[in-house]
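Student: Just passing along the structure, written as structure tokens.
The values are calculated or read from the model by the stated rules, or taken from the named source; none is laboratory data. Please read these numbers as outputs of a predicted model, since none were measured by experiment. Here Cβ is always computed from backbone atoms with ideal geometry, including for glycine, and neighbour counts include all displayed protein chains. All accessible areas refer to the heavy atoms of the entire protein, side chains included, with ligands and DNA or RNA removed. Shrake-Rupley method; radii C 1.70, N 1.55, O 1.52, S 1.80 Å.
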Amino acid sequence: MKQAASEGTPSSISELNRSRIINFLFRNGISSRAQIAKATGLTAAAITKITARLIDFGVISETGDLEGAMNRRSIGLQFNDSRYEVIAVKFARSLVQIGIFELSGRCIKIHDFPPVNNEDVIDTVSQIKQYIKSTIAHNPAIVAVGMAVPGPYLSDEGRIISVTSMQMWKEVNFKNEFTQAFAVPTFIEHDAQSGALAQSLFGAQTDGNSLAYYLIGEGVGVGVIDNGNLVSGSRGVATEIGHLSIDINGRPCECGNVGCLERYCSTGAVKELLQEPSNRGILEDVNDLLPREACNRLFKESYAGNAEAQRIVREIARYIAYGCINIIYGYNPSQIIIGDILSEAGDTMLDEVRRIVAERVLPDLMESTTITLSDLPTDATLTGAAAVAASQFLRNPSRFVAGMDTPKR
């Protein structure tokens with residue numbers, strides 16, 4: 001990679017080069033100036049100047065000697081990601097979670113709001129604002145807020161246009177409510193897109209250039225990263241797989257379509273399946289459980305060896321596999337990473353998904369696509385909300401570090 005081109009303002013070029021150095025340290029850990037120069041294509045003089053500025057502001061620091069080429073010693077540099085924290089907010093229909101994360105993706109704290117009903121939505125928005133304002137006021141390390149919202153989400157307008165079983169969320173304009181509400185910047189992204197960012201930034205053994213994060217929880221969606229960039233479309237709904245019809249004569253959906261994937265493998269769909277007369281004996285008190293609780297109980301029964309529970313898990317997996325097939329042919333990622341609540345079904349589900357996909361996808365495509373469960377230690381969508389904020393810091397660090405973009409006198 002060559003040094004940044006001369007077009008553009010000096011400040012924009014400086015910011016680009018700062019971002020490149022910080023991103024390299026973020027992804028590669030302690031490195032020497034020579035290693036950074038080789039990876040970024042920046043000259044030694046440019047590296048020296050930029051890193052000195054970043055050290056002055058505490059964004060990076062020197063760590064001591066490193067073993068270099070030909071046994072030469074060099075000074076290591078590291079990104080001080082633990083100095084900066086972000087607030088992450090996950091909206092998932094009836095579930096709202098708020099977490100505090102370091103920029104590295106390490107979760108410090110999670111707060112669960114009580115389950116949200118349709119009539120509670122407006123009050124919940126107010127409570128979220130108050131909680132975040134109080135948290136920021138008591139924690140100067142927080143530099144940004146990231147939010148992950150269910151789709152279809154019109155990112156240009158800031159609103160959700162359909163939320164199965166929780167239509168009151170359509171009345172909330174997330175941009176108007178949150179982007180100017182706090183003392184630090186707020187960034188909002190579709191939940192599956194947020195999960196894709198989290199996998200790209202924080203996931204182990206993840207190809208950050210080509211992946212699909214397949215969110216299967218209270219809703220169903222996919223976030224796709226292609227050549228290192230999110231695939232969003234003109235209004236932000238390019239990867240809205242939850243409302244892709246897998247049966248033209250299928251179950252009606254609140255979006256107006258029929259046979260939507262979400263109607264067959266979301267938590268609500270799983271609960272409906274367990275309530276069918278032929279399945280009622282699997283969980284006797286299923287009617288009294290929330291959809292998430294019903295899924296968790298089902299998966300526990302499956303792990304314990306309950307053959308009927310395993311049958312249901314494999315039936316759900318069949319629909320999950322249909323989603324994978326559409327993801328492969330629609331976006332051709334090198335990895336599909338299944339996350340959120342239904343990923344907790346584990347290997348029984350994953351093995352069945354892989355089996356069905358292998359039967360129905362061209363061998364050359366199947367061989368070049370891996371299907372795995374999310375490896376993130378914290379919920380990928382909540383972590384994704386943190387990744388939305390962290391990615392902005394990595395892209396424009398001077399926006400979050402006061403005075404860094406002011407020329408030296």
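Student: Rounding to the nearest 10 and keeping the result within 0 to 90°, find how far the Cα-based axis of helix 191-202 lies from the longest principal axis of the chain.
Tutor: Relative to the chain, helix 191-202 is tipped by roughly 50 degrees.
Student: Find which of Ile325, Ile47, Ser104 sits farthest along the positive direction of the dipole of the chain, computed with +1 on the beta-carbon of Lys and Arg, -1 on that of Asp and Glu, about the Cα centre.
Tutor: Selected residue: Ile47.
Student: Averaged per residue, what accessible surface does the chain expose to a 1.4 Å probe, in Å²?
Tutor: Normalised by residue count, the accessible surface of the chain is 45 Å².
Student: Which whole-number percent gives the relative contact order of the chain, counting Cα pairs below 8 Å spaced six or more residues apart?
Tutor: Relative contact order of the chain: 17 percent.
Student: Let me know the whole percent of all Cα-Cα pairs from the range 249-377 that are separated by more than 20 Å.
Tutor: Of all Cα-Cα distances in the range 249-377, 47 percent exceed 20 Å.
Student: Assign unit charges at the C-beta atoms only (+1 for Lys and Arg, -1 for Asp and Glu), then state the dipole size of the chain relative to its Cα centre in Debye, rounded to the nearest 20.
Tutor: Using Cβ point charges on Lys, Arg, Asp and Glu, the chain gives about 1760 debye.
Student: Compute the acute angle (0 to 90°) between the alpha-carbon long axis of helix 307-331 and the principal axis of greatest extent of the alpha-carbon atoms of the chain; round to the nearest 10°.
Tutor: It is inclined by approximately 50 degrees.
Student: Hey, with R₀ at 51 Å, roughly what FRET efficiency would Ala358 and Glu119 work out to, going by the Cβ-Cβ distance, to 0.05?
Tutor: Taking R0 as 51 Å, the efficiency between Ala358 and Glu119 is 0.65.
Student: Give the residue from Leu261, Ser245, Leu230 lying farthest towards the positive end of the charge dipole for the range 229-278; charges sit on Cβ (+1 for Lys and Arg, -1 for Asp and Glu) and the dipole is referred to the Cα centre.
Tutor: Going by the charge dipole, the pick is Leu230.
Student: If you don't mind, there's one more thing I want to ask. Given a 1.4 angstrom probe, I'd like the percentage of the accessible area of the chain that is carbon and sulfur, rounded to a whole number.
Tutor: Percent of accessible area from carbon and sulfur atoms in the chain: 49.
Student: Defining a contact as two alpha carbons under 8 Å apart and six or more residues distant in sequence, what relative contact order in percent does the range 74-201 show?
Tutor: Here the relative contact order equals 24 percent.
Student: What order, most packed first, do the peptides 49-62, 119-132 have when packing is the mean number of other Cβ atoms within 10 Å of each residue?
Tutor: The peptides rank, most packed first, as 49-62, 119-132.
Student: How many lysine pairs in the chain, separated by 8 or more positions in sequence or lying on different chains, have Cα atoms less than 23 Å apart?
Tutor: So the count works out to 16.
Student: Among Arg360, Arg18, Arg263, what's the order by accessible area (1.4 angstrom probe), most exposed first?
Tutor: Accessible-area ranking of Arg360, Arg18, Arg263, largest first: Arg360, Arg263, Arg18.
Student: Follow-up question, since we're still on this one. Students often check this: by mean Cβ neighbours within 10 Å, which of 151-159, 27-35, 338-346 ranks highest, and how do the rest follow?
Tutor: Result, highest mean Cβ count within 10 Å first: 338-346, 151-159, 27-35.
Student: I've got another one for you. Show that you can apply the helix-only estimate: for the chain, add -39,500 (n - 2.57) for every DSSP H stretch of four or more residues, divide by all residues, and state [θ] at 222 nm to the nearest 500.
Tutor: -12000 deg cm²/dmol, from helical runs alone.
Student: Rank Gly99, Gly256, Gly217 by mean-square fluctuation in a GNM of the chain with C-alpha springs under 10 angstrom and give only the top-ranked residue.
Tutor: Fluctuation is largest for Gly256.
Student: Can you compute 3J(HN,Hα) from phi for each residue in the range 245-252, using the Karplus curve 6.51 cos²θ - 1.76 cosθ + 1.60 with θ = phi - 60°, rounded to whole Hz and x for Gly and Pro?
Tutor: 6, 9, 7, 5, 10, x, 5, x
Student: Taking the Cα centre of the range 204-375 as the origin, how large is its charge dipole in debye, to the nearest 20, when only Lys and Arg (+1) and Asp and Glu (-1) carry charge on their Cβ atoms?
Tutor: 240
Student: From zero up to wherever the largest Cα-Cα distance of the range 178-271 sits, split into 5 Å bins and tell me the percent of pairs in each.
Tutor: 3, 13, 19, 18, 17, 15, 10, 4, 1, 0
Student: Based on the mean of other Cβ atoms within 10 Å per residue, sort peptides 247-254, 222-229, 167-174 so the most packed one is first.
Tutor: With the highest mean Cβ count within 10 Å placed first, the list reads 222-229, 167-174, 247-254.
Student: A further question on this structure: List the GluC sites (Glu not before Pro) within the range 281-335 that fall in a DSSP loop (any state other than H, G, I, E or B) and whose Cβ has at most 12 other Cβ atoms within 10 Å.
Tutor: Qualifying residues, ordered by number: Glu284.
Student: How large is the Kirkwood hydrodynamic radius of the range 72-203, in angstrom, based on all distinct alpha carbon pairs?
Tutor: 15.7
Student: Quick one: ranking Arg280, Arg311 by accessible area, 1.4 Å probe, largest first, what do you get?
Tutor: Descending order: Arg280, Arg311.
Student: Equivalent ellipsoid semi-axes for the chain, as square roots of 5 times the alpha carbon gyration tensor eigenvalues: give them largest first, rounded to whole Å.
Tutor: 41, 25, 19
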